[in-house]
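These notes are about the structure you will find just below.
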Amino acid sequence: MILTTTPGIEGTNIIKYHDVVTGEAILGANVFKDLFASIRDIVGGRSHAYEGELRRAREIAFEELEHEARRLGANAVVGIDLDYETVGQGSMFMVTISGTAVTISD
């Protein structure tokens with residue numbers, strides 16, 4: 001499955017537009033990750049724990065998006081938009097992805 005942020009895919013033709021598809025993931029960081037992230041905020045540097053959780057949430061959201069597109073009979077998703085948010089007191093991450101499921105020809 002081709003996934004792209006562009007409105008089309010060079011060298012192909014979109015022969016059918018199926019529907020808008022989405023993928024969502026909300027993951028919570030645990031108390032220890034919050035503690036170490038707070039320390040990182042004080043002394044500087046990257047929070048690898050949070051980065052790992054964001055990466056995991058993004059992967060889950062992309063899997064959902066692709067699954068929904070396949071269910072509709074699509075072989076690509078174009079116009080993908082990714083959004084990142086914090087939920088609650090900032091201890092949960094939300095990743096939402098949306099795009100248009102399409103069938104393309106070579």
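Observations
- Charge sum, other residues only, whose C-beta stays under 12 Å from residue 104's C-beta, Lys/Arg counted +1 and Asp/Glu -1: -1
- Environment charge at residue 5 (Cβ cut-off 14 Å; Lys +1, Arg +1, Asp -1, Glu -1): -2
- Sorting 71-77, 50-56 by average packing, meaning the other beta carbons within 10 Å per residue, from highest down gives 71-77, 50-56.
All of the numbers you see were taken from the coordinates with simple rules; none came from a lab. In this text, all values refer to a predicted model and were calculated from it rather than measured experimentally. Heads up, the Cβs are rebuilt from the backbone with ideal geometry, glycines too, and the neighbour counts pull from every protein chain shown.
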